[in-house]
Ligand code: HEC
């Protein structure tokens, strides 16, 4: 009896191994063929099929939730933060995400996936917004602003985005005009302070 069981086991396991190897080879080979044949249309003016779009949305959603772990500053309602964020937004984001009173730009019209109009609000939490702004989103036009901006400035932008849906076009324009400093000056300040810190170490 035991001998019989062993022999059937032995006869079956190579078959199972062969099936697993076959499936793996089919997947890898299929993937290779798919990639090298040029079958996938990478054009930004051809929308994804529904299942691919759904899958990408899910991957994006869960990836952001899993990574957005930075503590949220408690002064996001601070007016200076909001005004500074408005200035940054007008310079860096409005070209793609638009603003009240602004016509659609050429870049906004050509993006796929589309850049949402952030004045309509977003389903993201402040921590998730911060993460997206800092790290960007692969295979979309959303850049990683953390490469060139420190966290404090990016939190100013988040502070502004929380307020954005409540603002009229006039209020938005006034805020942008009263932004504490222009973006370039803030960037210069940052590089000066880095130099100063650097020098004081020497
Ligand atoms: C070159 C165009 C471009 C610029 C400039 C840009 N974005 Fe985006 N952004 C996008 C695109 C495209 C998406 C959508 C990505 C997607 O669907 O996964 C996006 C997504 C986002 C999202 C996620 C929105 C949501 O509800 O899911 C936030 C928040 C965001 N951007 C903020 C900003 C901020 C703040 C700036 C300026 C500092 C900025 N973006 C500049 C193209 C841009």
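Nothing in this text is a laboratory measurement; each read-out follows from the coordinates by a stated rule. Owing to the predicted nature of the structure, the values given are computational and were not obtained by experimental measurement. No Cβ is skipped: glycine too gets one built from the backbone with ideal geometry, and neighbour counts run over all protein chains shown.
Here are the numbers for this structure:
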| quantity | calculated |
| --- | --- |
| Exposure proxy ranking, count of Cβ atoms within 10 Å, fewest first, for 48, 149 | 48, 149 |
| Peptide ranges 73-86, 151-164 listed from the most packed, as the mean C-beta count within 10 angstrom indicates | 151-164, 73-86 |
| Residue exposure sequence - 28, 176 - by fewest surrounding Cβ within 10 Å | 28, 176 |
